[in-house]
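Here the structure is laid out as structure tokens; the discussion comes afterwards.
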Amino acid sequence: MSYTGLRAARDERPRFPFSDADIACVNCVHLDKTLRSCTIDAPTPLRQCINALIQKYCEYIVSRKYRRVLEIGCGSSSRLLGMAEGRFEWAGVDIQRRYRGQPSVATHLASVSDLPFEDSTYDCVVANQSIEHWYEWGVSIKQGLTEISRVLVVGGVAFIDAPVHFHGHRVFRRGNMAEIVDHLRLVDSMTLERVERWRQNSHPLAPYYPSVNTPPWLLPEGRVKPAWVVSITFRKTGNPDCGRSGVHLRERARQLIYSVPVLPRLTRWTHLGGFRYLCWRIRRDFGQREGTFHVGPQDSE
């Protein structure tokens, strides 16, 4: 099948319906319409949206009486931790011991690709402003979401938010919602339930242009756009195939391959130079054994 055929087959996959909400500032409950300002106390407009989102997450967790909540990428401070006292059991995961010169508040130091928890441990997982940085630590969006699905109970909820047109992964820097949704639908064990676009329509407030501008070649129109926040809600389904991390599967495959004596050499050769290099190595090895092949200047490694 050609690449075009594969792409067409991918586009024909069944997709779960989800709600898409534009949380415009004019309709936000935190807008003071008299003063035309946001009532959330934060240093930047994006941080105001983020704090409002965390408050919303906490209210949902309490209303559903979730007992165990995991936060991914909590850093040196966590508003969710401050709201958790007496309401639910909080655990935090971060890959760094210190963040911006401050010690991390995480209870576990680990990567989102290999969470140190048993399957179906948490009722809710929150990844606040971290998914756009996973690639910096060699973790793809699919790997992280698969591992989050593994530690979630069936029916559990994952709240994930990220800045758009700001920094991090190129998908979020570009801000194409269709591309973002395609990246978030890679895990079959989780249903995409809701997407919220906070401050994409900032009227009557002024749009927020961050000081760290996105390179023009990463944007479709070649210009910097106002930054906003996207919030995604997932729910884990009862898919029997869920619960195995892609990292664990690759590790098992690697162990299986290297248990066969000849396969490690084949995989290494293919990785180094592709199929032509593999054929050249086989021809050289057998030719030297038979005395019919000599390594010349053009054939030396």
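Just name the residue that is farthest from Thr107 (Cα to Cα) out of those in segment 59-79 that are crowded, with 21+ Cβ neighbours inside 10 Å and not charged (D, E, K, R).
Ile61
Residue check: is Glu71 acidic (Asp, Glu) and not in a helix (DSSP H, G or I)?
The answer is yes for Glu71.
Across segment 125-150, what is the total count of residues that are of a type in the set (Ser, Thr, Tyr) and surrounded by fewer than 22 Cβ atoms within 10 Å (Cβ to Cβ)?
Adding up the residues that qualify gives 2.
Between a residue in segment 111-126 that is touching a residue at least 60 places away in the same chain (Cβ under 8 Å) and any residue that is of a type in the set (Ser, Thr, Tyr) and outside any loop (DSSP other than H, G, I, E, B), which pairs come within a Cβ distance under 6 Å, given they are 6 or more apart or on different chains?
Val126/Tyr57
Taking the conditions exactly as written (touching a strand residue (DSSP E or B) at 6+ places or on another chain (Cβ under 9 Å), polar (S, T, N, Q) and over 23 Å from Asn51 (Cα atoms)), does Thr146 satisfy them or not?
Yes, satisfied.
Of the residues Thr214, Thr191, which single one is in contact with a strand residue (DSSP E or B) (Cβ under 9 Å, 6 or more places away or on another chain) and either hydroxyl-bearing (Ser, Thr, Tyr) or at pLDDT 85 or above (or both)?
When all the criteria are applied, what remains is Thr191.
Do any residues in segment 59-85 that are under 17 Å from Gly156 (Cβ atoms) have Cβ atoms under 8 Å from those of residues that are surrounded by fewer than 15 Cβ atoms within 10 Å (Cβ to Cβ), where the two are at least six apart or on different chains, and which pairs are they?
Here the result reads Ile61/Arg87; Val62/Arg87; Arg67/Glu89; Arg68/Glu89; Val69/Glu89, each pair linking segment 59-85 to a residue that is surrounded by fewer than 15 Cβ atoms within 10 Å (Cβ to Cβ).
The values are calculated or read from the model by the stated rules, or taken from the named source; none is laboratory data. For clarity, every value in this text was computed on a predicted model and none was experimentally measured. Quick reminder, even Gly has a Cβ in these numbers, built from the backbone with ideal geometry, and neighbours come from all protein chains shown.
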